[in-house]
Amino acid sequence: MNYTFNIDKEFDLIAIGRACIDLNANEYNRPMEETMTFTKYVGGSPANVAIGSAKLGLKVGFIGKLADDQHGRFIERYMREAGVDTSNMVIDQEGHKTGLAFTEIKSPEECSILMYRDNVADLHLAPSEVDEEYLKKSKILLVSGTALAKSPSREAVLKAVSLAKRNDVKVVFELDYRPYTWNSIEETSVYYSLVAEQSDILIGTRDEYDVMENTEKGTNEEIVGNLFKHSSDLVVIKHGVEGSYAYAKSGKVFKAKSYKTKVLKTFGAGDSYASAFLYALVRGKGIESALKFGSASASIVVSKHSSSEAMPVAEEIEGLIAERV
Ligand SMILES: Nc1ncnc2c1ncn2[C@@H]1O[C@H](COP(=O)(O)OP(=O)(O)O)[C@@H](O)[C@H]1O
Ligand SMILES: O=C(O)C[C@@H](O)[C@H](O)C(=O)COP(=O)(O)O
């Protein structure tokens, strides 16, 4: 089953939200207290998705705010060289800093992230910095849930969503729930529901949908039942290594298994999944195939050290899918 986009649009995808720095532990299988060296990469979920999609060949842009310092300049340059249009990444003028994510790899199954995100530049993106003329050129607006955590970024995203709806741009909501950015689950649930109700496509993990619904144990069927009362017509629910599902409003349900690999760390799975899933969907490969693309891309990235730098090209994903039929 295919998903259709407005093919007259110049950009395939414009992401909005944070572009930050990941500092990934070089020493594996160690707690962070004992980790002495880290490698620097561009990070931040929507930046990772933008980079992944650009690497696959989509025409991608980004709306966000960068610190006016060495880290901000590193991020802009890396993204531009990866093929992302950075013309709408504004530079903060008030001394706000870049968000940092230190990663800990205690074992392949036990990974965690320590975030430094106090007063970060990305959450200071203002509504006036979201340009309708730019956004209307895209097939997709990709919204990251974390950008809803604080004002003025929250209002900037809400403005982008309403401009997208006015201009025939599909809203894709990547739930991207990061607890430390929020005051409470109640608060998250309010803003997640507000954007979810206006989104065409949602992508999230089982747990993230429970946060959105402010419940402990929702079922996939309950979630999609609620979402289909509003704008959504495609809901992707990821179940980690157990695989993922896509529910279409037509009633069709698609399932994909994950691709076993030698896992180095688990982070990066979600962002690589989203970038390859959206790539396949935009290229008209159909929902079933898009799930496979997402899963194969995630499998490749969890076997590597980074999230952004490790994003695969289309041939690698196609090769893995062909090898495992
Ligand atoms: N250990 C793993 N090995 C291979 N693929 C994995 C593994 N963990 C996750 N994946 C793939 O990545 C996708 C997203 O992972 P998940 O953990 O659900 O999301 P997130 O990283 O956003 O929490 C899964 O649907 C699966 O295809
Ligand atoms: O999103 C962040 O700020 C951190 C990411 O850059 C990091 O690479 C990561 O957590 C990716 O994990 P995923 O969202 O599960 O793909």
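Since every read-out is calculated from the coordinates, none of them should be taken as a lab result. In this text, all values refer to a predicted model and were calculated from it rather than measured experimentally. All Cβ positions, glycine included, derive from the backbone under ideal geometry; neighbour counts span all protein chains shown.
Springs between alpha-carbon pairs under 10 angstrom, Gaussian network model over the chain: which of 179, 152, 127 fluctuates most?
With Cα springs under 10 Å in the chain, the top fluctuation among 179, 152, 127 is at 179.
Could you please rank 148, 100, placing first whichever residue has the fewest other Cβ atoms within 10 Å of its Cβ?
Placing the least packed residue first, the sequence is 100, 148.
At 0.36 nm per residue, and after removing the present C-alpha to C-alpha distance, how many nm does the segment from residue 253 to residue 131 gain when stretched out fully? Walk me through the numbers before you get to the answer.
Values: separation 122, 0.36 × 122 = 43.92 nm, distance 3.63 nm.
Stretched fully, the residue 253-residue 131 segment lengthens by 40.3 nm.
Using the Kyte-Doolittle scale, which helices in the chain average at least -1.0 and also have C-alpha atoms spread 18 Å or more along the helix axis, with helices defined as whole DSSP H runs?
Long hydrophobic helices here: 153-166, 185-198, 269-282, 287-302.
Between 142, 23, 125, where does the largest GNM mean-square fluctuation fall for the chain, given springs only between Cα atoms within less than 10 Å?
23
Using modelled amide H (1.01 Å from N, peptide plane; none on Pro or chain starts), what sits under 5 Å from the amide H of residue 30, excluding residues fewer than 5 places away?
For residue 30, the qualifying residues are 105, 106.
For each of 282, 313, count neighbouring Cβ atoms within 10 Å of the residue's Cβ, then give the residues from fewest to most.
Exposure proxy ranking, most exposed first: 313, 282.
Using mean Cβ contacts within 10 Å as the protection proxy, how do 9-22, 199-212, 128-141 order, highest first?
Details: 9-22: 25.8, 199-212: 22.2, 128-141: 19.3.
Per-residue mean Cβ counts within 10 Å order the peptides as 9-22, 199-212, 128-141.
Are there GluC sites (Glu not before Pro) in the range 13-71 that DSSP puts in a loop and that have at most 15 other Cβ atoms within 10 Å, and which ones? The partial results should precede the final answer.
Values: sites: 27, 33, 34; in loops: 27.
Those satisfying the criteria are 27.
Take every DSSP beta bridge whose two residues both sit in the range 16-323, then give the antiparallel share in percent to the nearest 5. It would help to have the intermediate numbers written out before the result.
Values: 22 of 47 bridges.
Close to 45 percent.
Using the Cα gyration tensor of the range 131-231, with a ≥ b ≥ c the square roots of its eigenvalues, what is the shape: rounded (a/c below 1.5), prolate (a/b larger than b/c) or oblate (neither)? Present the calculation step by step, with values, prior to reporting the outcome.
Numbers: a/c = 2.39, a/b = 1.40, b/c = 1.71.
Oblate is the answer for the range 131-231, as a/c is 1.5 or above yet b/c matches or exceeds a/b.
So, R0 is 45 Å and r is the distance between the beta-carbons of residue 39 and residue 242; what FRET efficiency does that work out to, to 0.05?
0.90
I need the calculated FRET efficiency for the pair residue 165 and residue 119, taking r as the beta carbon distance and R₀ as 35 Å, to the nearest 0.05.
After rounding, the FRET efficiency stands at 0.70.
In nm, give the distance between the simple-model label positions of residue 314 and residue 221, each being 7 Å from the Cα along the Cα-to-Cβ direction.
Those two pseudo-labels are separated by 3.9 nm.
What aspartates and glutamates does residue 137 reach when the alpha-carbon gap must be under 18 Å and sequence neighbours fewer than 8 apart in one chain are set aside?
Answer for residue 137, where 18 Å is the Cα cut-off: 8, 10, 12, 85, 129, 168, 200, listed by chain and number.
What is the order of 192, 245, fewest Cβ neighbours within 10 Å to most?
The order, fewest Cβ neighbours first, is 245, 192.
How much length is gained on full extension from residue 69 to residue 283, taking 0.36 nm per residue of separation minus their Cα-Cα distance?
Extra length available between residue 69 and residue 283 comes to 73.3 nm.
How much net charge surrounds residue 107 when only the other residues with a Cβ under 15 Å from the Cβ of residue 107 are counted, with Lys and Arg +1 and Asp and Glu -1?
Net charge around residue 107: -1.
Select from 42, 143, 224 the residue whose mean-square fluctuation is largest in a Gaussian network model of the chain (Cα-Cα springs shorter than 10 Å).
Greatest mean-square fluctuation among the candidates belongs to 224.
Amide H to amide H, which residues 5 or more places from residue 63 or on other chains are under 5 Å from it, using H placed in the peptide plane?
Residues meeting the amide H criterion: 15, 16, 17.
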